[in-house]
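Okay, so here's the structure we're looking at.
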Amino acid sequence: MRKLNILKTVLDFFYVFTLIGVIGIVIFVPFYLFSSEMTIPIKIKGQEFTSTSVFSKIIVLINVISGLLFFYSIYLLRKVVGKFQKREIFNTEVVQLFHLIGKLIVASSIMSSGSIFIYNMIEKNHLGLSIDFGSYDSFLISLSIGLFFMVISEVFKIAMTIKEENEQII
């Protein structure tokens, strides 16, 4: 139980500070998107965006949406941990939340990495892939974590079925 409480605290801490950033981004992005004079460099995954072209703005918007999807997945994970604290472990909502968290993380990582790849290919005429080992910002790690949550969803679904069968026997 102690580890669960630590996890909830860490997630809450991350959520609150990320929420502050999200509020700032939601306020800043419309100014960036609709102003042609704003030349503030924006850095996403080590890639600096200084251009004010429509294409650059679309890539930044895609990455903002990707970040919001990830933020929402953290919100859902907090809900799951809250259910675990209430001892509501094997229920359909937990299974659905795990599956949705996985989908959101996969979508977020594909959107973010894909848009950066396309930006580099079109805007900078640079075709290349970067595999970051040991980095939590790696596409492969993000994709793996998302798929892991989807697998956990299936495991919980199987566990629920087994639990129901055991309850019917008793």
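Of the conditions (1) open to solvent by 80 Å² or more (accessible area, probe 1.4 Å); (2) outside any loop (DSSP other than H, G, I, E, B); (3) in contact with a Ser or Thr (Cβ under 8 Å, 6 or more places away or on another chain), His99 satisfies every one except a single condition; which number is it?
(1)
With respect to Ser109, is the statement that it is closer than 18 Å to Phe14 by Cβ and of a type in the set (S, T, N, Q) true?
In short, yes.
Before we move on, is Phe71 on the phi < 0 side of the Ramachandran plot and open to solvent by 70 Å² or more (accessible area, probe 1.4 Å)?
no
Of the residues that sit in segment 147-166 and are touching a Phe, Trp or Tyr at 6+ places or on another chain (Cβ under 7 Å) and under 18 Å from Leu76 (Cα atoms), which one is surrounded by the most Cβ atoms within 10 Å (Cβ to Cβ)?
Ranking the candidates gives Phe149 first.
To keep it simple, each residue is scored yes or no on (1) at negative phi; (2) within 20 Å of the chain's Cα centre (by Cα); (3) at pLDDT 80 or above.
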residue: Lys3; (1), (2), (3): yes, no, yes
residue: Leu11; (1), (2), (3): yes, yes, yes
residue: Ile23; (1), (2), (3): yes, yes, yes
residue: Ile27; (1), (2), (3): yes, no, yes
residue: Pro41; (1), (2), (3): yes, no, no
residue: Lys45; (1), (2), (3): no, yes, no
residue: Val60; (1), (2), (3): yes, yes, yes
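It is to be established whether one or more residues within segment 33-51 are small (Gly, Ala, Ser) and part of a helix (DSSP H, G or I).
No - not one qualifying residue is present in segment 33-51.
Would you confirm, using the coordinates I've provided, whether Ile62 is under 23 Å from Ile141 (Cβ atoms), open to solvent by less than 60 Å² (accessible area, probe 1.4 Å) and in contact (Cβ under 8 Å) with a residue 60 or more places away in the chain? Give the steps one after another, and end with the answer.
Details: under 23 Å from Ile141 (Cβ atoms): yes; open to solvent by less than 60 Å² (accessible area, probe 1.4 Å): yes; in contact (Cβ under 8 Å) with a residue 60 or more places away in the chain: no.
Criteria not met by Ile62.
Collect the residues in segment 13-58 that are surrounded by 13 or more Cβ atoms within 10 Å (Cβ to Cβ), within 20 Å of Lys79 (Cβ to Cβ) and not polar (S, T, N, Q), keeping them in residue-number order.
Phe14, Tyr15, Leu19, Val22
Is there any pair with a first residue in segment 94-112 that is over 12 Å from Ile74 (Cβ atoms) and touching a residue at least 12 places away in the same chain (Cβ under 8 Å) and a second that is hydroxyl-bearing (Ser, Thr, Tyr) and open to solvent by 20 Å² or more (accessible area, probe 1.4 Å) whose Cβ atoms are under 7 Å apart and which are 6 or more apart or on different chains, and what are they?
Ser109/Ser142
The values are calculated or read from the model by the stated rules, or taken from the named source; none is laboratory data. These figures come from a predicted structure and were not determined experimentally. Because the Cβ atoms are built from the backbone with ideal geometry, glycine has one as well, and the counts that use them run over all protein chains shown. Accessible surface areas use protein heavy atoms only, side chains included; no ligands, DNA or RNA. Shrake-Rupley method; radii C 1.70, N 1.55, O 1.52, S 1.80 Å.
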